[in-house]
Amino acid sequence: MPFAVGAILASIRSMLPDLERSGVRMTAGHEIVRSGDRYALIGDFRIADAMSVCRFFREHTSAPHGRRLDIDLSQAPIVDGAIMSLLVELRATLSSQGILSDIVGASERLQAIVHLYGGDEPSQAPPAKVQEGAVRRLGRAVEGLFDSLQALAVFLGGLVAALGRTVRWPASLNWCSFPSLVVRAGADGVPIVLLLNFLVGFVMAFQSAHQLKLYGANVYVADVVGISITRELAPLMTAIIMSGRSGAAYAAELGTMRVSEEIDALRTMGFAPVPYLILPRMAALAAVAPVLALLGDIVGVIGGMAVGITSLDVSARGYLAELRTAVAPSDVWTGLVKSMVFGAAIGFIGCEQGVSTSGSAAGVGRSTTTTVVACLFTIVLIDTVFTILFRTFVR
């Protein structure tokens, strides 16, 4: 008898590889059998079997199985929630590969858990990818542009309405955050603004030094540096720095608040987001931009004077005297007006991109990048308009 039992066990062991190759998975208390275009679950499947079931399907569904592969529960009296979630996930994986899959044969007892996990929803193959032509891509781009313009118009309308309420009720503005915003946008940015504008004035004078020497017009370095710095370069360089510092920071802050639903929480507590978050930021940038631009004018002129003294044999007294002759007050205040508008535009774009952020961290990154690009484009556009206007009506 022991010899007979041993022979039977040996024959079973010899058959197991053939069963594995034919798609039969032998496990303790249950088995999974591949039959045609379906897998049949036989026996009771509980949470303790989840690892073996997951491993089996990972090994046996990695290769294509045709266009359909169903899961048959007609011979499975018990299937708990852990196993059912694996089966539903298997359906989703097969669907992503273009293979239709349904859970079939479930008894009335199992129908409830199948419905609970969404296993009774009809399977749908993913739509075939259509190669978009140039016209379709252009239409999609134009549609996205109009959607962006619509969102911008809605934001602008809400901003104007909030500004009107703030004028009537100034206490509704979040004045408490205004000093800290001014410090962050203004005082913290002074070193980089001073350094950059000094270098710009220095480079402007150094580049023109050779041509001025040829005609013996060394003293006119004050004209070149003074007019270019006060009218154009100081406001423009300051606005570029503010775009990278304050505009991107506003987009990141408000975008993080948006995706973490902090803005919705403020609205729930009765705080309107525009007067509480957006108007103080725009006002802070509009207030500090002319101050930073004025400091940029001063250090830019000093940078030109350094080149005049060291390379053009121009004394400091002669440089300043020529500067007073060349630079009119209108050159300075037109640059300051442009700076104020630049600051308001940067605050507007940064806040608009921040509150329109969607998704998660990736959405915040996209909003920050879009803010910097949009700010630079808007700055150049505004500068062009102001240059034409001032050239026509001021001088």
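The values are calculated or read from the model by the stated rules, or taken from the named source; none is laboratory data. Bear in mind the structure is a predicted one, so any value in this text is a computation, not a measurement. A quick note on method: Cβ atoms are made from the backbone with ideal geometry, for glycine too, and the neighbour counts reach across all protein chains shown.
Listed by first and then second residue, the pairs with beta-carbon distance under 8 Å, at least 6 apart or on different chains, first residue in the range 300-329 and outside any helix (DSSP H, G or I), second of a type in the set (S, T, N, Q), are Leu312/Asn218; Asp313/Asn218; Val314/Asn218; Val327/Thr230. Here Leu181 passes the criteria (1) within 25 Å of Tyr319 (Cα to Cα); (2) in contact with a helix residue (DSSP H, G or I) (Cβ under 6 Å, 6 or more places away or on another chain) except the one numbered (1). Under the condition of being surrounded by fewer than 15 Cβ atoms within 10 Å (Cβ to Cβ) and among the aliphatic types (A, V, I, L, M), the residues counted in the range 81-101 number 1. So for the range 206-213 (the condition being surrounded by fewer than 15 Cβ atoms within 10 Å (Cβ to Cβ) and basic (Lys, Arg)), does at least one residue qualify? Within the range 206-213 (the criterion being surrounded by fewer than 15 Cβ atoms within 10 Å (Cβ to Cβ) and basic (Lys, Arg)), the answer is yes, since at least one residue qualifies. Considering the range 1-111, the qualifying strands (runs of 3 or more DSSP E), each wholly inside and each with 3 or more residues that are within 26 Å of Glu121 (Cβ to Cβ) and at pLDDT 70 or above, run over 30-35, 38-43, 70-75.
Does the range 376-395 include one or more residues that are basic (Lys, Arg), over 23 Å from Ala151 (Cα atoms), out of contact with any strand residue (DSSP E or B) (no Cβ under 6 Å at 6 or more places or on another chain) and in contact (Cβ under 8 Å) with a residue 12 or more places away in the chain? Yes: one or more hits. Taking the stated definitions as given, is Gly255 among the small types (Gly, Ala, Ser) and crowded, with 17+ Cβ neighbours inside 10 Å? Criteria met by Gly255.
Among the residues of the range 185-216, those that are within 21 Å of Gly347 (Cβ to Cβ), in a helix (DSSP H, G or I) and modelled with pLDDT under 90 comprise Ala185, Ala187, Asp188, Gly189. Restricting attention to the range 268-282, does a residue exist that is in contact (Cβ under 8 Å) with a residue 12 or more places away in the chain, part of a helix (DSSP H, G or I) and within 26 Å of Thr387 (Cα to Cα)? Yes. Looking only at the range 170-221, count how many residues are of a type in the set (Gly, Ala, Ser), without any contact (Cβ under 8 Å) to a residue 60 or more places away in the chain and more than 25 Å from Gly247 (Cβ to Cβ). Looking only at that region, the number is 4. Of the candidates Thr371, Thr378, Thr392, the single residue that is more than 28 Å from the chain's Cα centre (by Cα) and either over 30 Å from Ala222 (Cα atoms) or in a helix (DSSP H, G or I) (or both) is Thr392.
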